[in-house]
1. According to the square roots a ≥ b ≥ c of the eigenvalues of the Cα gyration tensor, what is the shape class of the stretch 52-173, taking rounded for a/c under 1.5, prolate for a/b larger than b/c otherwise, and oblate for the remainder?
2. Equivalent-ellipsoid semi-axes (√(5λ), Cα gyration tensor) for the stretch 90-319, whole Å, largest first?
3. In what sequence, highest mean first, do 133-144, 250-261 appear when ranked by Cβ atoms within 10 angstrom?
4. List the extent of the Cα atoms of the stretch 125-260 along each of their three principal axes, largest first, rounded to whole Å.
5. Over the stretch 191-231, one equal point on each Cα, no solvent: what is log10 I(q)/I(0) by the Debye formula at q = 0.16, 0.23, 0.24, 0.27 Å⁻¹?
């Protein structure tokens, strides 16, 4: 009968010779073939996984490049290749030297800044009332704001024309009351009318993120501040406003970019003396058939929009948005 040491020797035989060289197949555990000196399977499996991820990413990137980036590249290329010949920057020099471009740029900037300021002020006030002042129908108003965001801009402009237009309701009531031939409300075809229309249309874009921020606000802070005798104005200034700054920055930046690129409101108000950059692009391309100049103005408009978006990202990160 073999002893214990004999059984151990039979079950676990010691290697009789030198170790197997690298690349020679040996039998591993459970009889699974292995290669001596081979790398772990995890390192080799990473490459196919990366390839699979790239295959998932490439189709949307290709569609984005074809539908969005390629037309933009054509616009930029056309701005450097005038149809009547000349240098690459001749179209830029001609557009920048024109008084119409400088006037359109100034009008676009002050309308966008003014509309953004008005939307921030009005949107913050209305959002405060809806969120913190109980009144019947507050939830219905909040839901209507979500629906309002889907309206096209020209629809709001048409509504204002029905009220404040030359033959609108306000002028009709005025002529009926005082027996005059014309009413006094003619501001809708001026820059102030465009500003009013933009504030009316874009204010809900500020209110929506504010209402979302107010819904996340801890009401215990408001109760403690009110219990300590703080007045409503102080509560708004020291408690609510700091918490809503990221939402204000997000809504204000969105409104600013949208106002810079707004075309429908200016067109439907019929303000002939109001020329913004989008209107100038339309005039150069459609009315004058000067596609090189239109592309130059479009490139400037794109550069301003992208720059403002980059600024918004930087400010948003610093504010913790």
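All of the numbers you see were taken from the coordinates with simple rules; none came from a lab. Keep in mind that this is a model prediction, so the values were computed, not measured. Quick reminder, even Gly has a Cβ in these numbers, built from the backbone with ideal geometry, and neighbours come from all protein chains shown.
1. oblate
2. On the way: eigenvalues 264, 142, 35 Å².
Over the Cα atoms of the stretch 90-319, the semi-axes work out to 36, 27, 13 Å.
3. On the way: 133-144: 10.4, 250-261: 21.5.
Put in order of decreasing packing, that is 250-261, 133-144.
4. The principal-axis extents, from largest down, are 60, 34, 26 Å.
5. -0.61, -0.76, -0.78, -0.86
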